[in-house]
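Visitor: Here it is: the structure, laid out below.
Values in this text are rule-based calculations from the coordinates and carry no lab data. Since the model is a prediction, treat every value here as computed from it, not as a measurement. All Cβ positions, even for glycine, are placed from backbone atoms using ideal geometry, and neighbour counts span all protein chains on display.
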């Protein structure tokens with residue numbers, strides 16, 4: 001099993017952001033977390049990455065508890081947050097070498113060159129990150145999440161703000177990345193889930209209200225959009 005979320009709750013003061021959430025995810029799945037703003041998607045993803053501790057319950061990545069064995073769990077996770085905290089004054093390769101160093105990646109230069117090619121950054125590699133378009137900045141974000149070759153990718157709104165051409169490229173890239181990894185991506189855009197995901201998890205007010213293969217949602221009357229409206233109303 002790649003990811004285990006077992007009866008997890010997360011409380012912020014008087015607000016219960018997650019309420020007894022449970023999930024099991026396997027390698028080779030691209031799973032879409034779909035829900036309205038404030039549903040708990042980002043909170044759940046941050047718990048899986050180890051950025052936040054659960055108030056109760058258990059989270060494991062590749063068999064490592066994110067609280068009891070945080071370093072082992074985090075080594076297996078690549079994370080692209082919604083607001084990508086990249087250093088705009090650094091050159092693309094310089095930044096990725098820095099991130100690879102943080103992860104103590106072996107054969108750092110070779111790995112950085114490989115991930116630059118994998119995400120399609122080669123044409124822009126000579127530029128500073130601040131000179132890049134939104135689409136290429138997203139590619140830099142994906143590259144930093146991939147540079148240590150993680151088994152799990154957590155992508156928070158990975159296509160936000162992209163133009164139609166960039167959307168096609170990034171969608172195809174995420175599909176390729178999910179062939180031999182576990183990918184969790186959050187979005188509130190149903191078309192993104194339909195384009196990239198094998199499985200859909202609907203979240204409303206901190207609770208999972210549906211979890212099924214994409215095909216089941218699409219086969220139901222009205223498709224994914226109707227199911228989403230009915231279950232998150």
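Visitor: I'd like the orientation of helix 92-102 relative to the chain: the angle between its Cα long axis and the longest Cα principal axis, in ° from 0 to 90, rounded to 10.
Guide: 70 degrees
Visitor: Any chance you could tell me what percent of the C-alpha pair distances in the chain go past 23 Å?
Guide: Details: 13005 of 27028 pairs.
Beyond 23 Å sits 48 percent of the P(r) for the chain.
Visitor: For the stretch 121-233, with equal point scatterers placed on the C-alpha atoms only and solvent neglected, what are the log10 I(q)/I(0) values from the Debye formula at q = 0.19 1/Å, to two decimals?
Guide: For the requested q values the scattering log ratios are -1.05.
Visitor: Among 151, 110, which comes first, second and so on when ranked by fewest other beta-carbon atoms within 10 Å?
Guide: Details: 151 16, 110 10.
So the ranking, lowest neighbour count to highest, is 110, 151.
Visitor: For each of 72, 26, count neighbouring Cβ atoms within 10 Å of the residue's Cβ, then give the residues from fewest to most. Write down the numbers at each step before the final one.
Guide: On the way: 72 14, 26 11.
Going from sparsest to densest Cβ surroundings: 26, 72.
Visitor: Next question, about the same structure. Compute the acute angle (0 to 90°) between the alpha-carbon long axis of helix 108-118 and the principal axis of greatest extent of the alpha-carbon atoms of the chain; round to the nearest 10°.
Guide: The angle comes out at about 60 degrees.
Visitor: Stretched out fully, how many nm does the piece from residue 128 to residue 110 gain, at 0.36 nm a residue minus the Cα gap? Don't jump to the answer; show the numbers that get you there.
Guide: Values: separation 18, 0.36 × 18 = 6.48 nm, distance 2.01 nm.
Contour length minus Cα-Cα distance gives 4.5 nm.
Visitor: Measure nothing but the geometry: give the 0 to 90° angle between the long axis through the Cα atoms of 223-232 and the longest principal axis through the Cα atoms of the chain, rounded to 10°.
Guide: 70 degrees
Visitor: While we're looking at this one, here's another question. Take every Cα-Cα pair in the stretch 85-149 and report what % of them are more than 19 Å apart.
Guide: Numbers: 363 of 2080 pairs.
Pairs farther apart than 19 Å: 17 percent.
Visitor: At a 10 Å Cβ-Cβ cut-off, how would you order 140, 61, fewest neighbours first? Present the calculation step by step, with values, prior to reporting the outcome.
Guide: Values: 140 26, 61 29.
Fewest-to-most ranking of 140, 61: 140, 61.
Visitor: Given an 8 Å cut-off on Cα distances and at least 6 residues of separation, report the relative contact order of the stretch 85-149 as a percent.
Guide: Numbers: 70 pairs, mean separation 30.6, N = 65.
Once normalised by length, the contact order is 47 percent.
Visitor: Find the Cα radius of gyration of the stretch 35-125, compare it with 2.2 N^0.38 Å by division, and give the number to two decimals.
Guide: Numbers: Rg = 15.9 Å, N = 91, 2.2 N^0.38 = 12.2 Å.
My calculation over the Cα atoms of the stretch 35-125 gives 1.30.
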